[in-house]
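Since the structure comes first, as structure tokens, the remarks are kept for the end.
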Amino acid sequence: MLEATTILAYKGENKAVIGGDGQVTFGNSVLKNNATKIRTLNNGKVLAGFAGSTADAFNLFDMFEKHLENKKGDLVKAAIDFSKEWRKDKFLRRLEAMMLVLDRKNLFILTGNGDVVEPEDGKIAAIGSGGNFALSAARALDRFGQVDEETLVKESLKVAAELCIYTNDNIKILKLED
């Protein structure tokens, strides 16, 4: 399990939303509490989030964005090519890192093992040490349908922050609308 962060993505009817906490830890110490672990890519058409070493995040975000450019914004093709490259790179494949990427049509979890996983329900995914807490909260909120996409992500990440020592409540949110 990554002792790193929490990133949650939700692909709703009206918006695609990604959120992440801001805590950066080293061992049992908090180095920073307001880091940004999510980004917009492809001229604001794709959202991405990263769980793992912050130094590696910049490399992986840049690598993924190049694949998006090469595939003319096709998230499915870019995710597959990116995962192949990540897996083949001797250094990068040893990273304990994961990424979430989504647009209005697709949502994927990417790993250095070459995994490109679409969540079972196709609309909610979470990574990082608090990922299971955030995912559980998001699924519960989604079932009741009483909140908008941004609120669902934010409140679910707050639940993760209450339970996971590697997750804080300094939450950042990015969204894509139709």
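The numbers here are math on the coordinates, done by the rules we state, and not lab data. Model, not experiment: these values are computed from the prediction. A quick note on method: Cβ atoms are made from the backbone with ideal geometry, for glycine too, and the neighbour counts reach across all protein chains shown.
Label the chain by shape, choosing from rounded, prolate and oblate, from the square roots a ≥ b ≥ c of the eigenvalues of the Cα gyration tensor; if a/c is under 1.5 it is rounded, and otherwise prolate applies when a/b is larger than b/c, oblate when it is not. Taking the square roots of the gyration eigenvalues as a ≥ b ≥ c, the chain is oblate.
Within straight-line reach of Lys175, meaning a Cα separation under 17 Å, sit the following lysines at least 8 residues removed in sequence or on another chain: Lys11, Lys15, Lys37, Lys45, Lys105, Lys123, Lys154. Pairs of Cα atoms nearer than 8 Å and 6+ residues apart set the relative contact order; for the stretch 79-178 it is 20 percent. Working note: Debye formula, equal point scatterers on the alpha-carbon atoms of the stretch 87-178, no solvent; log10 I(q)/I(0) at q = 0.14 Å⁻¹ is -0.56. Placing +1 on the Cβ of every Lys and Arg and -1 on the Cβ of every Asp and Glu, with no other charges, gives the chain a dipole of roughly 420 debye about its Cα centre. The alpha-carbon of Lys84 sits under 19 angstrom from the alpha-carbons of these lysines, leaving out residues fewer than 8 places away in its chain: Lys66, Lys71, Lys72.
The peptide list 43-52, 81-90, put in order of mean Cβ contacts within 10 Å with the highest first, becomes 43-52, 81-90. Extension gain for Val147-Asn70 works out to 24.0 nm (0.36 nm per residue, less the C-alpha to C-alpha distance). Working from Cα pairs under 8 Å separated by at least six residues, relative contact order for the chain is 33 percent.
The listed peptides 140-153, 11-24, ordered by packing as a protection proxy, come out as 11-24, 140-153 (highest mean of other Cβ atoms within 10 Å first).
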